[in-house]
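Below is one structure, written out as structure tokens; the observations come after it.
The values are calculated or read from the model by the stated rules, or taken from the named source; none is laboratory data. Just so you know, these numbers come straight off a predicted model, no measurement behind them. Backbone-built Cβ (ideal geometry, glycine too); neighbour counts: all protein chains shown. What goes into the accessible areas is simple: the full protein's heavy atoms, side chains included, and nothing from ligands, DNA or RNA. Shrake-Rupley method; radii C 1.70, N 1.55, O 1.52, S 1.80 Å.
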Amino acid sequence: MKRYLIIFHVLMFVLVAPVQAQTQKKNFRKDFEDFKKKAKQEYADFRKQAFAEYTKFVREAWEEFGAEPPVQIPEEEKVEPMVVPGFEEETAGFFSKLFGGGKKDKKEKEKKEKKKMAKREKTNDQLAVSTVIDAPAPAPKQPQPISKVTQTSDPNPYMSFEVFGTQCRVRIGDNCRFHLNGLSGDEIADQLIEFQKPQFDNMLYDCLEERKAHNFSDWAYYQMLLALTNKFYGNHTNEATLVLGFLYSQSGYKMRYAQDGNTLYMIVASQYSMFGKPSYYVEGEWYYLLDNVKDAETLNICKAKFPKESPLSLQMSARQNFANSPVNERTITSLRNPDFSFTIKSNKNSIDFYNTYPCSYTDNNFMTRWANYANTPLEKWLTDQIYPGMREKLKGLTPLEAVQELDWWVQGKTDLNRSNPNQECFLYAYDESVWGYDRNFFGEESIFYPYNDCEDKSILLSHLVRDLVGLDVVLVYYPGHLAMAVNFPNDVEGDYIPVNGRKFTICDPTYVGSDVGETMPTMKGKGTQVLLLKRDI
């Protein structure tokens, strides 16, 4: 009997245990879903509470501030590019051949070139360095909302809009329209409260998703928000600016509303000092008016803060995903090695984006203005066209030989009077004669535009050497002139600068016809400043 009772209890356990386990599993799943809903609600409540507190301050926290006039790029000593004696005559035959003239025996040309180069006097001088500027710190993590932004069931349709030829989509409809009757603190705060409705959460959610999908930098994201609000609410209307500020601040960025009685503006905080932008010093930080729609003057600025807001960064340390719009096919050929020749198309969308980018500096040092241009990676569209061919032609060369080929390719010719922009090489001309002001180029721009100057050539060459040869480089600034220098793995002949215990050999793509290690004679004896650059390989 006892034996039967034991068997009975075992059978009951076998039958009941799975039921209990299933019940426990269901209860656990329900508890987990309840926890998720609660956490989601707490996130939403936290953001709404913070926004409610923010709008309270918007009603009253306004103060008048005068603008600082835009800082202009400093004028520098005008340094003329130099050409190695005899180089222009030597390349005249090459251009004649290139454009359909008489033929010249390649081996004979190379023989004469080597003979000429052997006669040139070379030096092994250590150049004086007055200042070494560290490479910029890694870009900060991109700002994020203070809590996760979630979608709602609001049925608004998607509106498509373009930012630099790149399609974006955001849910927005008539229930997002409104009209500001005035610009008092109360009127602005009353409308901001309306932005807590579900349709504005969806709008913000979609904007953040587009930022992620296109890998937009802070500057590109600002331009995207500007394109969206201008399209839907009207170009630079007060309504567009109010929504622009809402989306920008709720994405995690530090901004302040400002107005002059008639027009609402958004000013943004940044640790980058921007040339050409009116600025306002508000509670220990600089804010910039970015839209170029107003001259510097007094504004009434709202000092209301939002939690965990972050300043705008002008670093672009990762490639952005702009749509491709091929334009301006060019064949660029080295004048010292006609076989080192590449045909390239530019992406109009990237060029248009770079046209909006504000030149800036950090740490009160004007020289740092070149850092963002030199440390922004060349876009994949461009490198896919030229890097495979370049790697093939550089295969088997020593690091010095590889750098020399790249240097010769970028050197091109001088054309100060801009008499022939159609030659198939890089052409040097002064920014002031082309643009009317000093204009720095990203690497893609040097390939797109027919003319560039010393800083543009050095920045482009710094990309090629870091990416294709894998060597560290620095930018070298003489008064009025920018060159670069390379840290070779082995000792090489030529002028050099010591930087943090390492030897960097001069490489000047503005000294046309020169070899690595040759300093432009007019720069000899002048002190240099050195800007360290990043290498992401």
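Filter region 215-232 down to the residues that are crowded, with 20+ Cβ neighbours inside 10 Å and over 18 Å from K197 (Cα atoms) and list them by number.
So in region 215-232, the residues crowded, with 20+ Cβ neighbours inside 10 Å come out as 216-222, 224-226, 228-229.
Passing the criteria: F216, S217, D218, W219, A220, Y221, Y222, M224, L225, L226, L228.
Got a sec? Which of F353, F340 is open to solvent by less than 20 Å² (accessible area, probe 1.4 Å), touching a strand residue (DSSP E or B) at 6+ places or on another chain (Cβ under 8 Å), in contact (Cβ under 8 Å) with a residue 60 or more places away in the chain and among the aromatic types (F, W, Y)?
Working: F353 fails: touching a strand residue (DSSP E or B) at 6+ places or on another chain (Cβ under 8 Å).
None of the others qualify; the one that does is F340.
Which members of region 434-448 meet the condition of being touching a helix residue (DSSP H, G or I) at 6+ places or on another chain (Cβ under 9 Å) and assigned to a loop (DSSP other than H, G, I, E, B)?
Step one: of region 434-448, the residues touching a helix residue (DSSP H, G or I) at 6+ places or on another chain (Cβ under 9 Å) are 437-448.
Scanning region 434-448 gives Y437, D438, R439, N440, F441, F442.
Of everything in region 178-209, what is open to solvent by 30 Å² or more (accessible area, probe 1.4 Å) and either among the aromatic types (F, W, Y) or part of a helix (DSSP H, G or I) (or both)? Give them in sequence order.
Step one: of region 178-209, the residues open to solvent by 30 Å² or more (accessible area, probe 1.4 Å) are 178-179, 181, 184, 186-187, 190, 193-194, 196-198, 205, 209.
Correct list: F178, D186, E187, D190, I193, E194, P198, Y205, E209.
Picking from I344, I351, I332, which residue would you name as being modelled with pLDDT of 95 or more and within 18 Å of the chain's Cα centre (by Cα)?
On the way: I344 fails: within 18 Å of the chain's Cα centre (by Cα); I332 fails: within 18 Å of the chain's Cα centre (by Cα).
Among I344, I351, I332, only I351 is modelled with pLDDT of 95 or more and within 18 Å of the chain's Cα centre (by Cα).
What are the pairs, 6+ residues apart or on separate chains, where a residue within region 413-433 that is without any contact (Cβ under 8 Å) to a residue 24 or more places away in the chain and outside any strand (DSSP E or B) has its Cβ under 9 Å from a residue that is hydroxyl-bearing (S, T, Y) and surrounded by fewer than 18 Cβ atoms within 10 Å (Cβ to Cβ)?
From region 413-433, the pairs are N417/S433; D431/Y437.
With respect to T383, is the statement that it is touching a residue at least 60 places away in the same chain (Cβ under 8 Å) and closer than 15 Å to F342 by Cβ true? Walk me through how you get there before you give the answer.
Details: touching a residue at least 60 places away in the same chain (Cβ under 8 Å): yes; closer than 15 Å to F342 by Cβ: yes.
Yes: the conditions hold for T383.
Can you tell me which residues in region 356-395 are at pLDDT 95 or above and surrounded by fewer than 16 Cβ atoms within 10 Å (Cβ to Cβ)?
T356, D384, P388, G389, R391, E392, K395
Test T263 against the criterion of being more than 22 Å from the chain's Cα centre (by Cα) and open to solvent by 40 Å² or more (accessible area, probe 1.4 Å), and give yes or no.
Working: more than 22 Å from the chain's Cα centre (by Cα): yes; open to solvent by 40 Å² or more (accessible area, probe 1.4 Å): yes.
Yes; evaluated as a whole, the condition is true for this residue.
I'd like the full set of residues that are closer than 17 Å to S462 by Cα and either surrounded by 21 or more Cβ atoms within 10 Å (Cβ to Cβ) or of a type in the set (G, A, S) (or both), limited to region 498-511.
Initial filter on region 498-511 (closer than 17 Å to S462 by Cα): 499, 503-511.
Answer for region 498-511, where residues must be closer than 17 Å to S462 by Cα and either surrounded by 21 or more Cβ atoms within 10 Å (Cβ to Cβ) or of a type in the set (G, A, S) (or both): F504, T505, I506, C507, D508, P509, T510, Y511.
Tell me, yes or no, whether region 254-266 has at least one residue that is under 17 Å from N321 (Cβ atoms), at pLDDT 95 or above and touching a strand residue (DSSP E or B) at 6+ places or on another chain (Cβ under 6 Å). Before you say what the answer is, go through the steps one by one.
Looking only at region 254-266, we keep the residues that are under 17 Å from N321 (Cβ atoms), and these are none.
Scanning region 254-266, I find no residue that is under 17 Å from N321 (Cβ atoms), at pLDDT 95 or above and touching a strand residue (DSSP E or B) at 6+ places or on another chain (Cβ under 6 Å), so the answer is no.
State which residue pairs qualify: first residue over 19 Å from P479 (Cα atoms) and inside region 123-138, second residue assigned to a loop (DSSP other than H, G, I, E, B) and hydrophobic (A, V, I, L, M, F, W, C) in any location, beta carbons under 7 Å apart, and separation of 6 or more residues or different chains.
A135/L533
Looking for whichever is farther than 30 Å from K380 by Cβ and open to solvent by less than 30 Å² (accessible area, probe 1.4 Å) here; the options are S446, S462, S458, S514. Which one fits? Show your work before the answer.
Working: S446 fails: farther than 30 Å from K380 by Cβ; S462 fails: farther than 30 Å from K380 by Cβ; S458 fails: farther than 30 Å from K380 by Cβ.
Being farther than 30 Å from K380 by Cβ and open to solvent by less than 30 Å² (accessible area, probe 1.4 Å) holds for just one of S446, S462, S458, S514, which is S514.
Quick check: anything in region 452-459 touching a Ser or Thr at 6+ places or on another chain (Cβ under 6 Å), modelled with pLDDT of 95 or more, closer than 25 Å to E76 by Cα and among the β-branched types (V, I, T)?
No; the residues of region 452-459 include none that is touching a Ser or Thr at 6+ places or on another chain (Cβ under 6 Å), modelled with pLDDT of 95 or more, closer than 25 Å to E76 by Cα and among the β-branched types (V, I, T).
Residue check, N300 against (1) modelled with pLDDT of 95 or more; (2) crowded, with 17+ Cβ neighbours inside 10 Å; (3) not aromatic (F, W, Y), all met but one. Which one?
Status for N300: all satisfied but (2).
Looking only at region 311-337, which residues are open to solvent by 40 Å² or more (accessible area, probe 1.4 Å) and not in a loop (DSSP other than H, G, I, E, B)?
P326, V327, N328, E329, T331, listed by residue number.
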